[in-house]
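Below is one structure; the comments refer to it alone.
The values are calculated or read from the model by the stated rules, or taken from the named source; none is laboratory data. No experiment lies behind these values; they were computed from the predicted model shown. Neighbour counts are summed over all protein chains in view; Cβ atoms, including those assigned to glycine, are modelled from backbone coordinates with ideal geometry. Accessible surface is based on the protein model in full, side chains and every heavy atom, while ligands, DNA and RNA are left aside. Shrake-Rupley method; radii C 1.70, N 1.55, O 1.52, S 1.80 Å.
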Amino acid sequence: MRAAVLEAYGEPLAIETVDPPTLEPHGVVVDVEACGICRSDWHAWQGHGEWADDQVPLGQILGHEPAGRIARVGDRVDTLEAGDRVAIPFNLGEGSCYQCRNGHGNVCEDGYALGFESTVPGAFAERIHVPHAEFNVAPLPDSVSATEAAALGCRYVTAFHALSHRAEVGGGDWVAVHGCGGLGLAAVQIAAALGARVIAVDVRDEPLSMATTLGADATVNATEASVPEAIEEISERGAHVSIDALGRAETCRNSLDCLRIRGTHVQIGLTTDAERGEVALPIDEVTRWDVTVVGSRGMPPSRYDELLRMIEAGRLEPERLVTRRVALDDVSDRLAAMTDYETSGLEVVTEF
C-alpha cells in the first residue's frame, strides 16, 4: 500500500510502498478515505518534542486524523463489522486502565498516539490498524461524510473537550481564542454553538474574517492592539474562559492576562523549539485572582457521541472549516506551508 513516511526531519515525506497493517485479534483494519493535515503533524515533521521525550521516530508513517471504512475485523471484536464507517481518535486507549475505566481514555496510562509512535503507524496511508477497536473507534452516522469526520481530527475534538468538558463553558460566557489556525477556528465554532460570546485573536486578517463567519462576536488583530486590554474592553471585565490554541509564549501569556477574576485558561496549543515546552506564567496573579489553569488533549473515545449528536442536529458544522482537499503526494508541501502560517482552516487528504 502507499504511505507517506518520515525519513528526515523537515524534508519532504517519502511516498513509498509499504506492507499493509497486520490485524490483531482486538483490532480492525480500516481503509482510509480521508485524513486531516494537522499542525501536530508539522511538529512531528520538524522533529519537535525531544524536550519532552516525545520526538517522533524516523521511519514513522504520519497522519492522525483519519476516517474510513472497516476492511477487516479481529477475532475478538464483536460489535464492529467490515463495511462500518468510522472515525478514529489519535489518542488511543487500551480500555482497561484506571483512566479508561473512568471515562478518560484520551489520557490512557498505556495508550497509543496514532501516527506518532512506531507501534501505531499513521493514516497518511491507504490503510491503518486500530488496536482495541471496540473501545477506540467511533461509528459514523450516515449524515457525516468521511471528510467531515476527518475534520474532527485531533483539533476539533480537542477544542470540544477543552470547552465542553474541561472549562465547562456555559451560555453567555465570554470566550477568547488566541490563534485562529484550524484548532482555534474549531474552538470558535464550538464555543459559539455552546452559547458563548467569542472573541477571536490572530495576527492575520484572513483567519479573523473566517472566525467571524464561524460565530465570533468580535475579533482582535494582535499587531494592532494590546490583546488583554482589547479583550477586557470588549467583554467589560475580561474573558470567563481563554484558550491558547497556538502554543507561543506570547499567546499563552495574553490568554492568562485577559481573564477576569476566577477565569479559566485552557492550554491546547503545543510549543515549538522556541519555548521547548516551558512558558513563564504570572503565578502570583493566578493565585491572587483564583484563576484556573488546565490542559486539554484530544477527547475520550467514549464521549464522541456527544459531538456527533450535535453535528447530526446541525448545531456544529466541522466541514465548514475545510478549505482544501489534497492528494497524499501533496502532504509535504502543505506541511511546509504551515511553517510560515500560509494555511488557513483545515486541509484534508482525500486522494491516496
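Checking Val56 against (1) open to solvent by 10 Å² or more (accessible area, probe 1.4 Å); (2) in a loop (DSSP other than H, G, I, E, B): exactly one of these is not met. Which one?
Of the numbered conditions (1) open to solvent by 10 Å² or more (accessible area, probe 1.4 Å); (2) in a loop (DSSP other than H, G, I, E, B), the odd one out for Val56 is (1).
Which members of the stretch 182-209 meet the condition of being open to solvent by 30 Å² or more (accessible area, probe 1.4 Å), small (Gly, Ala, Ser) and on the phi < 0 side of the Ramachandran plot?
If the condition is that a residue be open to solvent by 30 Å² or more (accessible area, probe 1.4 Å), small (Gly, Ala, Ser) and on the phi < 0 side of the Ramachandran plot, then Ala192, Ser209 are the ones that fit.
Would you pick out the residues in the stretch 98-115 that are open to solvent by less than 30 Å² (accessible area, probe 1.4 Å), in a helix (DSSP H, G or I) and under 23 Å from Cys38 (Cβ atoms)?
Within the stretch 98-115, Gly105, Asn106 qualify.
Within the stretch 16-42, how many residues turn out to be open to solvent by 10 Å² or more (accessible area, probe 1.4 Å), modelled with pLDDT of 95 or more, under 30 Å from Gly184 (Cβ atoms) and not acidic (Asp, Glu)?
Of the residues in the stretch 16-42, 1 are open to solvent by 10 Å² or more (accessible area, probe 1.4 Å), modelled with pLDDT of 95 or more, under 30 Å from Gly184 (Cβ atoms) and not acidic (Asp, Glu).
Mind checking which pairs have a first residue in the stretch 7-25 that is farther than 20 Å from Ala327 by Cβ and a second that is of a type in the set (S, T, N, Q) and open to solvent by 40 Å² or more (accessible area, probe 1.4 Å), Cβ under 8 Å, 6 or more apart or different chains?
Qualifying pairs under 8 Å: Tyr9/Gln46; Gly10/Gln46.
Of all residues being touching an Asp or Glu at 6+ places or on another chain (Cβ under 7 Å) and in a helix (DSSP H, G or I) in the stretch 330-345, which is surrounded by the fewest Cβ atoms within 10 Å (Cβ to Cβ)? Just the residue, please.
Only one residue fits best here, namely Arg334.
Of Gly95, Gly63, Gly68, Gly83, which residue is in contact (Cβ under 8 Å) with a residue 12 or more places away in the chain, open to solvent by less than 10 Å² (accessible area, probe 1.4 Å), closer than 28 Å to Asp305 by Cα and not in a strand (DSSP E or B)?
Result of the check over Gly95, Gly63, Gly68, Gly83: Gly63.
I'd like the full set of residues that are more than 14 Å from Arg334 (Cα to Cα), open to solvent by less than 40 Å² (accessible area, probe 1.4 Å) and touching a helix residue (DSSP H, G or I) at 6+ places or on another chain (Cβ under 7 Å), limited to the stretch 1-15.
Leu6
Keeping to the stretch 116-150, report how many residues are closer than 21 Å to Asp41 by Cβ, in a strand (DSSP E or B), touching a strand residue (DSSP E or B) at 6+ places or on another chain (Cβ under 9 Å) and of a type outside the set (Val, Ile, Thr).
Result for the stretch 116-150: 4.
Using beta carbons and a limit of 9 Å, which pairs, at least six apart or on different chains, have the first residue in the stretch 170-193 and of a type in the set (D, E, K, R) and the second one surrounded by 24 or more Cβ atoms within 10 Å (Cβ to Cβ)?
Asp173/Ala167; Asp173/Ala191; Asp173/Ala196; Asp173/Ala239; Asp173/Val241
With the condition being without any contact (Cβ under 8 Å) to a residue 60 or more places away in the chain and open to solvent by 30 Å² or more (accessible area, probe 1.4 Å), I'd like the helices (runs of 4 or more DSSP H) fully within the stretch 240-328 carrying at least 3 qualifying residues.
Here the list reads 249-257, 283-288.
If I ask for residues that are in contact (Cβ under 8 Å) with a residue 12 or more places away in the chain and either part of a helix (DSSP H, G or I) or farther than 18 Å from Gly170 by Cα (or both), which ones from the stretch 194-212 would you list?
Val201, Asp202, Val203, Arg204, Asp205, Glu206, Pro207, Leu208, Met210, Ala211, Thr212
Please go through the stretch 194-211 and give me each residue that is under 18 Å from Gly182 (Cβ atoms) and touching a strand residue (DSSP E or B) at 6+ places or on another chain (Cβ under 6 Å), ordered by number.
Within the stretch 194-211, Val198, Ala200, Val201, Leu208, Ala211 meet the criteria.
Against the conditions (1) modelled with pLDDT of 90 or more; (2) farther than 30 Å from Leu62 by Cβ; (3) out of contact with any Asp or Glu (no Cβ under 8 Å at 6 or more places or on another chain), where does Asp305 fall short? Just the number, please.
If we test Asp305 against (1) modelled with pLDDT of 90 or more; (2) farther than 30 Å from Leu62 by Cβ; (3) out of contact with any Asp or Glu (no Cβ under 8 Å at 6 or more places or on another chain), just (2) comes out false.
Return a yes/no flag: does the stretch 142-157 have any residue that is closer than 23 Å to Arg324 by Cα, among the acidic types (Asp, Glu) and either at pLDDT below 95 or in contact with a helix residue (DSSP H, G or I) (Cβ under 7 Å, 6 or more places away or on another chain) (or both).
Yes, there is a match, as at least one residue in the stretch 142-157 is closer than 23 Å to Arg324 by Cα, among the acidic types (Asp, Glu) and either at pLDDT below 95 or in contact with a helix residue (DSSP H, G or I) (Cβ under 7 Å, 6 or more places away or on another chain) (or both).
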